[in-house]
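Have a look at the structure below before the remarks.
The values are calculated or read from the model by the stated rules, or taken from the named source; none is laboratory data. What you see is a predicted model; the values in this text were computed from it and never measured. Ideal geometry is used to build each Cβ from the backbone, glycine not excepted, and the neighbour counts take in all protein chains shown. Just the protein is used for accessible areas: all its heavy atoms, side chains included, with ligands, DNA and RNA removed. Shrake-Rupley method; radii C 1.70, N 1.55, O 1.52, S 1.80 Å.
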Amino acid sequence: MIRLLKYDWKRNGRAVLALITVLVLLQGVMLTLNSLGYWKDEVTLVLSMVAYAMTGVILQIIVFKTFDHNIRSYSRRLLPVPVSSGMISTVVQSWMALIFIVLLISAHILVLWSENWRAFMQVGVLHWLDWTLMILALLWQFTSFVVTVLFCVTVARVFSAKGGLWLGIALSIAIPSVVSWLGDRIEGEPNAWTNKIFVLQIGVQESAASPVRPITEIPWGPLLLELIVVAVLVYFTKKLIERKVEVS
């Protein structure tokens, strides 16, 4: 799998570095305008988060486009690695992109943790167990999202001559919606172990970010359902790549 990560980095390294460079320059311009008094803290915060979000989305698109290229690549098929390794490699790349953006945001906040920003964003204290469950929950939700996208990309490629793109888009909407609906029916209430943890109210006087409630219960029924769905999606993605995707 390390070999696959190296190949993909050689393919996308320049584009990723260029994107990061643009992000850093953009954040520098916004911070300069804020320090000179041209932009208020609220405007700078919102635009900074938008820039980080857009960068994260573009990084994920790069990862998924690379996956689409790899499943059609004849040279990639010649590598002595199983299809599952390519899928795992893609998931790991998505994790790396997510973690990278989170680290950038964390470093940004630490650098700007002045009295003005502290007054604007007041983060409450959560128990270490709440933080652990929150991180695990978000990471699992993100992983299930990535696996769903990989399945939809594969389906779109297999049925590319028969409206596969629209089929993939429809599945990317239908699968999470159905799983969420079934999870709510199993649990009897909305699946909330990744529910609102912080509320961020942007305003002049009452701006604050604070925890809504601790997270101490895991909905095992919906979680088991999601595990089964992810396993099924991984199985069918692997089979479709092995038997149906045409190489070029």
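Data for the structure
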quantity: Highest-first arrangement of 97-106, 62-71, where packing means the average Cβ count within 10 Å; calculated: 62-71, 97-106
quantity: Estimated distance in nm for a label pair at TYR38 and ALA51, the labels positioned 7 Å out from Cα along Cα-to-Cβ; calculated: 1.2
quantity: Spatial separation of Cα centroids for the range 1-55 and the range 79-110, in angstrom; calculated: 16
quantity: Built amide H within the under 5 Å cut-off of TRP39, gap 5+; calculated: ASN34
quantity: ³J(HN,Hα), Karplus 6.51/-1.76/1.60, whole Hz, each residue of the range 228-236, x for Gly, Pro; calculated: 5, 4, 4, 4, 5, 5, 4, 4, 6
quantity: Sequence of ARG243, ARG76 from largest to smallest accessible area, 1.4 Å probe; calculated: ARG243, ARG76
quantity: Phi-based couplings in Hz for the range 82-90 (Karplus 6.51, -1.76, 1.60; Gly and Pro marked x); calculated: x, 4, 4, 5, x, 5, 4, 4, 5
